[in-house]
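Asker: Sharing a structure below in structure tokens format, with a few things to ask.
The values are calculated or read from the model by the stated rules, or taken from the named source; none is laboratory data. Not measured: the values here are computed from a predicted model. Don't worry about glycine lacking a Cβ; one is built from the backbone with ideal geometry, like all the others, and counts go over all protein chains shown.
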Amino acid sequence: MIKRLIALGLLVLMLVALFFGGAQPQAVNLVPAPWDKLAHIAFFFMLTVLLIRYLSLSVVFGIFIALVVGVADEVHQIFLPGRMAGWDDWLADLVGTGLGWSISVSKRERKLCQI
């Protein structure tokens with residue numbers, strides 16, 4: 001139960017940082033290219049792991065939520081001065097989601113084998 005509460009708290013903090021923190025003027029070029037793609041991958045990796053592994057969402061729903069958050073972030077950037085939405089960022093989100101999925105599934109399968 002405590003792991004779920006911590007995971008939920010981390011999830012909320014991550015989303016606040018993404019949508020509120022990312023809307024701040026100082027967020028423009030905070031992480032320079034090409035390192036920004038690594039930041040996208042890491043963020044969506046962690047988001048997916050939290051959703052699937054620690055919040056116990058189904059794999060399909062967890063991936064769906066992560067990808068919707070990625071699209072929402074890119075659409076959000078359209079309306080922010082100095083920010084630019086891009087398919088390359090969303091593809092990095094997709095890579096991070098895929099990595100998070102692969103880690104979550106392998107951990108879950110190992111746990112099932114121990115029963």
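Asker: May I ask you to verify whether residue 82 is of a type in the set (Gly, Ala, Ser) and crowded, with 18+ Cβ neighbours inside 10 Å? Quick ask: steps written out before the conclusion?
Answerer: Values: of a type in the set (Gly, Ala, Ser): yes; crowded, with 18+ Cβ neighbours inside 10 Å: no.
Here the answer is no, as residue 82 does not meet what is asked.
Asker: Inside region 8-31, can you point out the residues that are surrounded by 15 or more Cβ atoms within 10 Å (Cβ to Cβ) and either among the aromatic types (Phe, Trp, Tyr) or more than 13 Å from the chain's Cα centre (by Cα) (or both)?
Answerer: Selection gives 22, 27.
Asker: Mind checking which residues of region 14-35 are farther than 17 Å from residue 76 by Cα and either at pLDDT 95 or above or touching a helix residue (DSSP H, G or I) at 6+ places or on another chain (Cβ under 8 Å) (or both)? Reasoning before the result, please.
Answerer: Step one: list which residues in region 14-35 are farther than 17 Å from residue 76 by Cα, which gives 31-35.
Across region 14-35, the qualifying residue is only 31.
Asker: Another question, then. Run down 17, 85, 66, 92 and say which single residue is touching a Lys or Arg at 6+ places or on another chain (Cβ under 6 Å) and of a type in the set (Gly, Ala, Ser).
Answerer: Details: 17 fails: touching a Lys or Arg at 6+ places or on another chain (Cβ under 6 Å); 85 fails: touching a Lys or Arg at 6+ places or on another chain (Cβ under 6 Å); 66 fails: touching a Lys or Arg at 6+ places or on another chain (Cβ under 6 Å).
That would be 92, the only listed residue that is touching a Lys or Arg at 6+ places or on another chain (Cβ under 6 Å) and of a type in the set (Gly, Ala, Ser).
Asker: Yes or no: residue 28 of a type in the set (A, V, I, L, M, F, W, C) and touching a Phe, Trp or Tyr at 6+ places or on another chain (Cβ under 7 Å)?
Answerer: Working: of a type in the set (A, V, I, L, M, F, W, C): yes; touching a Phe, Trp or Tyr at 6+ places or on another chain (Cβ under 7 Å): no.
Considered against the rule, which asks whether it is of a type in the set (A, V, I, L, M, F, W, C) and touching a Phe, Trp or Tyr at 6+ places or on another chain (Cβ under 7 Å), residue 28 comes out as no.
Results for (1) part of a helix (DSSP H, G or I); (2) not β-branched (Val, Ile, Thr), shown as yes or no for each residue.
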position	(1), (2)
12	yes, no
29	no, yes
43	yes, yes
83	no, yes
95	yes, no
